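One structure below.
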Amino acid sequence: MNVELRTFKPKDFNAVSRIYEEGIATGMATFETDIPDWTTWNKKYSDACRIVASSNGAVVGFAVLSEVSKRDVYKGVAEVSVYVKNEYHGNGIGESLLKQLIIESEAHGFWTLQASIFSENIPSIALHEKCGFRTVGIREKIGKLKGTWHDNHFLEKRSKIIN
């Protein structure tokens with residue numbers, strides 16, 4: 001399978017939102033229950049480090065960063081989000097996206113990346129560990145989705161370049 005990674009463009013938002021909708025439907029990718037509109041999505045994610053994966057011209061995955069705080073002391077700390085279209089799972093696209101996101105994050109001065117992953121989302125935890133993240137804790141019953149409390153694995157990756 002031929003997959004190209006490139007910078008996200010606003011015209012990609014419709015495809016990205018459909019992939020995000022698939023993540024919502026799994027019940028273990030996000031606590032969100034609605035797809036945000038462009039303005040909300042654009043405000044949530046850092047302007048830097050927005051990547052899409054495309055195959056035969058169609059967007060099949062994306063990876064983005066959201067800053068964890070607006071406070072100056074946390075500049076350089078961001079949460080990662082990686083989503084791959086369901087029919088493309090298992091093809092290494094998530095790994096390619098996450099590895100590229102790490103490279104770009106360091107180029108933009110991010111020194112710590114974090115991920116909060118539903119504890120039952122074993123494939124996502126394994127992906128992050130494969131890309132150098134480590135579990136620093138489990139946040140028990142951190143959020144409720146459709147009446148059910150869920151634990152999250154809290155992972156981080158510290159840059160070896162920026163210190």
Pairs with Cβ under 7 Å, 6+ apart, first in the stretch 1-20 and without any contact (Cβ under 8 Å) to a residue 12 or more places away in the chain, second of a type in the set (D, E, K, R): none
Residue in the stretch 145-154 that is touching a strand residue (DSSP E or B) at 6+ places or on another chain (Cβ under 8 Å), small (Gly, Ala, Ser) and not in a helix (DSSP H, G or I) present: no
Enumeration of residues in the stretch 45-85 that are surrounded by fewer than 12 Cβ atoms within 10 Å (Cβ to Cβ) and at negative phi: 47, 58, 69, 70, 71, 72, 73
Residue 24 being aliphatic (A, V, I, L, M), farther than 22 Å from residue 99 by Cα and either at pLDDT 95 or above or exposed (fewer than 12 other Cβ atoms within 10 Å of the Cβ) (or both): yes
Condition met for residue 95 (under 20 Å from residue 23 (Cβ atoms), acidic (Asp, Glu) and exposed (fewer than 15 other Cβ atoms within 10 Å of the Cβ)): no
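The values are calculated or read from the model by the stated rules, or taken from the named source; none is laboratory data. Small disclaimer: the values here were computed from a predicted structure and weren't measured. Ideal geometry is used to build each Cβ from the backbone, glycine not excepted, and the neighbour counts take in all protein chains shown.
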